[in-house]
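One structure is given below, encoded as structure tokens.
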Amino acid sequence: MKDAICEFKAVSKDYSVRHSFFASGSYRIKALDMVNLSVKEGEILGLVGESGCGKSTLAKIALGLEYPTSGQVFFSGYDIADFDKTRLENFRRHAQMVFQDPFSSLNPKKTVFKILSEPLKIHRLCHKNHYRERVIKLLKEVGMDEQILNRYPHEFSGGQRQRIGLARALATTPKMIVADEPTSALDVSIQAQIINLLLDLQERHKLSFLFISHDLPVIQFVSHRVAVLYKGQLMELMPKNAFLQSPNHQITKSPNSLNHHHHPYTSLLLSAVPVPDPKMGVEAKKRDYGLIYNYKKDGYQKGCAFFPRCSLATDKCGAERPFWTEVAKDHFIACHFMT
Ligand SMILES: Nc1ncnc2c1ncn2[C@@H]1O[C@H](COP(=O)(O)OP(=O)(O)O)[C@@H](O)[C@H]1O
Ligand SMILES: [Mg+2]
């Protein structure tokens, strides 16, 4: 196995949420709950999960923009919480971000030249006289022309802005890029261009990517490995081929006919079928209400996060966190029915 460039060890992140604007008091939610995961050198690790499951929180923690409530984050083997000024600067240079919204992530008052030469200046990567040459090279990398050097972000389309955003991330010759929904704000036809560019750059520079999306087909297409997150808990981690060779995506009510290839939540994502049995939906809702009550009282959930929605769930699932089980080579699932 390759070395990890970025490693999360038992990372949890709590946020305090107020009951309402008028009422006093607050409760804590666990945006991330004991996440163990690593991005290997030169790989694209895809992170998929529905909105609000904690993907952006993990992205921010990976880049040291937020700190975990508990747990550790390692970059190239070092705990980022221990970095002194020099190490932190080095880390900021080697771990870059590509944002979801290309319309707000570029400063509207700065020209393309200014946007792309700034990281060179901040990290003192070359002499002032070489900025222009370097910036032109960066633009070429992302398929853009030097004629745009003096233009402003508002003059470009979403896809072009995302290219400029990628060029900015590449300026510091990073080792890892965290891309949080980089194509979600773009038209479908443009999405494909940006994804292909991203794959091309990844190969050319042997970059590591933490690629985040709620879009399953996109994740399937780009990733070498796929991690599935649900309400802050990792449900499954698998190599790309395990994701593609999924014979049966339906979840069934009987544990005996359970599809052992995937976590029930992954199966649900893959089948894209909402709860199939209406009666089961009612049962699940009852459990869900119970859970919300406990959730506020206990501060977090003891068992599997998918428990309220799972057609297989038993009391044990609500009470105990399932262990991470290796069901095939490099394929891990956290589910009581897998052990
Ligand atoms: N600064 C914050 N304060 C309070 N709650 C937050 C904050 N940031 C995120 N959350 C909550 O944490 C959960 C995860 O959010 P996020 O990581 O943005 O999810 P995703 O990117 O998967 O949509 C959500 O319930 C969100 O409301
Ligand atoms: Mg997000």
* **Residue of R168, R132, R18 that the Gaussian network model of the chain assigns the largest fluctuation, springs spanning Cα pairs under 10 Å** => R18
* Give the distance, in whole Å, between the Cα centre of region 66-130 and the Cα centre of region 305-321. => 40 Å
* Under the span-like rule (Cα at least 20 Å along the axis, Kyte-Doolittle mean at least -0.5), DSSP H helices of the chain -> 188-205
* Structure fact -> Proxy exposure order for K109, K240 (fewest C-beta within 10 Å first) is K109, K240
* To do: Provide Rg over Rh for the chain; use the alpha carbon set for both Rg and the Kirkwood Rh (inverse mean inverse pair distance).
  => 1.00
* So what's the back-of-envelope 222 nm ellipticity for the chain, counting only DSSP H runs of four-plus at -39500 (n - 2.57) apiece and dividing by all residues, rounded to 500? -> -10500 deg cm²/dmol
* Using the count of nearby Cβ atoms within 10 Å as a rough guide to exposure, how do L106, L197 rank from fewest to most? -> L197, L106
* Once the piece of chain linking S24 and D215 is laid out straight, how much longer is it, given 0.36 nm per residue of separation minus the C-alpha distance between them? -> 65.0 nm
* Would you mind computing, in nm to one decimal, how far apart the modelled labels at E118 and D84 are, each placed 7 Å from Cα along Cα→Cβ? => 2.9 nm
* So which of K206/K329; K85/K140; K30/K109; K30/K316; K60/K329 end up more than 28 Å apart, counting from Cα to Cα? -> K85/K140; K30/K109; K60/K329
* Using a cut-off of 19 Å between alpha-carbon atoms, which aspartates and glutamates can reach K110, once sequence neighbours fewer than 8 places away in the same chain are excluded? -> D101, E118, E133, D145, E146, E155
* Rounded to the nearest 0.05, what FRET efficiency do S16 and A319 give with R0 = 22 Å and r taken as the Cβ-Cβ distance? Could you check? => 0.30
* Please give, to one decimal in nm, the separation of the simple spin-label points placed at T173 and E326, each 7 Å out from Cα toward the Cβ. => 3.6 nm
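Values in this text are rule-based calculations from the coordinates and carry no lab data. Source: prediction; values computed, not measured. So basically every Cβ, Gly included, is an ideal-geometry build from the backbone, and we count neighbours across all protein chains shown.
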